Amino acid sequence: MDIRSLMPSFLRTLIPYESPNEGAPEGTVWLNTNEYPTATKYEMRFETLNRYPQVQPALFRNRYAQYAGVKPEEVLVTRGADEGIELIIRTFCTPFKDTVLYALPTYSMYGISAKTCGANVLTVEAKKSLGLDTLGLCKALAQNPDIKVVFLCNPNNPTGNTVSRDAIIRVLEAAKDAIVAVDEAYIEFCPQATIVDLIEKYPNLAVIRTLSKAFALAGLRCGMILAQENLIAALRKVIAPYPVPEPVAAIAAHALSEGGIAAMRQRVELIRGNRTYLKESLAKIPGVRSVYPSQTNFVLFEVDEPERIYKSLWEKGVAIREPGSDKGVLRVSVGTIGECKLFINKLTQVLQEAGS
């Protein structure tokens, strides 16, 4: 039996999200998934694991609401931001009828989740600068009444740049009959760019957050959706029960304590300093054509033959990301200062070898 014959036709050719870490040799320096480079430590006891956890963990939700400046009823806790992305699509898109819209280049899970749910995908090509084409998004909304969800990544992955508040408002105003999901996974690195205060005005706005980046808890798989209560209520119709295990909720609540938030902000300042070193050092390397501005914990840069450079670095034990060789760019996460220096050294070697 060919198992694929049992799958819906729209899933048979779907290319899944693949971990960029698979198959790497021991000792590889990981600068490819935008994680915090060192571990956080938590010591906790759990004596009620024979019971199901709370459907929405109250302490965690209350603390995150206070941190984000919203009401607890405007917070939905999810299994990482990725579940939040899929949950929005499943809730508001009718399969084989409705469309998900986003501008390129951006996070690949918007498209993968849309296709997994049987939704159509419409993309707006990037500007030459890789900036957001707000006009293109608004035109698409005006011309396609079947668009039900628009994704904006702010700051954007993989470019690292922010979307202006005015641009997001223009999209919100154009999306009268669609959900606008603004992915703020990296917002802790530029908190002034958040648009969470717009939730009060726009009932179709959903803000996606995560503890994976600045909170250094990628392994916890804990995300949040912030929105008006009616939108949260709609999402709760679809979300699977007990999304957050008790240990996850307890660690998340601890991370959102006064001390936890202070520690997060210290990590952000450290990453910002290392990012400055990384950008300045990249700009000095012969063969690096351009280094993009970044408000995140990663840096995008241009080189010739990016696929070959990426593979050569991998062979030298340094894993970075290739967002798309056709754009001539590579993305490197900001690691420890030692990891950043090692990366600069290895990249310099690879580019020298390429030019020899």
Only listed residue being open to solvent by 20 Å² or more (accessible area, probe 1.4 Å), within 24 Å of L342 (Cβ to Cβ) and among the aliphatic types (A, V, I, L, M), chosen from V268, V291: V291
Single condition T276 does not satisfy, out of (1) open to solvent by 20 Å² or more (accessible area, probe 1.4 Å); (2) part of a helix (DSSP H, G or I); (3) in contact (Cβ under 8 Å) with a residue 12 or more places away in the chain: (3)
Among residues of region 36-76, those that are buried (at least 18 other Cβ atoms within 10 Å of the Cβ) and of a type in the set (D, E, K, R), counted: 3
Pairs with Cβ under 9 Å, 6+ apart, first in region 215-237 and touching a residue at least 12 places away in the same chain (Cβ under 8 Å), second assigned to a helix (DSSP H, G or I) and of a type in the set (S, T, Y): M224/Y64; L226/Y64; L231/T91; A234/T91; L235/T91; K237/T91
Residue list for region 80-95, restricted to those being open to solvent by 20 Å² or more (accessible area, probe 1.4 Å) and without any contact (Cβ under 8 Å) to a residue 60 or more places away in the chain: E86, T94, P95
A39 being modelled with pLDDT under 80 and either touching a Cys at 6+ places or on another chain (Cβ under 6 Å) or aliphatic (A, V, I, L, M) (or both): yes
Conditions (1) crowded, with 16+ Cβ neighbours inside 10 Å; (2) modelled with pLDDT of 95 or more; number of the one not met by K341: (1)
All positions within region 72-106 that are under 21 Å from L130 (Cβ atoms), modelled with pLDDT of 95 or more and not hydrophobic (A, V, I, L, M, F, W, C): Y102
Qualifying residue in region 323-332 (condition: more than 22 Å from the chain's Cα centre (by Cα) and under 19 Å from K279 (Cα atoms)): no
Pairs, first among the hydroxyl-bearing types (S, T, Y) in region 151-172, second not in a helix (DSSP H, G or I), C-beta under 7 Å, six or more apart: T159/P105; T159/L130; T159/Y292; T159/L300; T162/N154; T162/P155; T162/C190; T162/Q295
Region 96-127, residues that are assigned to a loop (DSSP other than H, G, I, E, B), aliphatic (A, V, I, L, M) and either open to solvent by 20 Å² or more (accessible area, probe 1.4 Å) or more than 14 Å from F151 (Cβ to Cβ) (or both): L104, A126
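The values are calculated or read from the model by the stated rules, or taken from the named source; none is laboratory data. For clarity, every value in this text was computed on a predicted model and none was experimentally measured. Every residue, glycine among them, receives a Cβ derived from its backbone with ideal geometry; neighbour counts consider all protein chains shown. Ligands, DNA and RNA are excluded from the accessible area calculation, which covers all protein heavy atoms including side chains. Shrake-Rupley method; radii C 1.70, N 1.55, O 1.52, S 1.80 Å.
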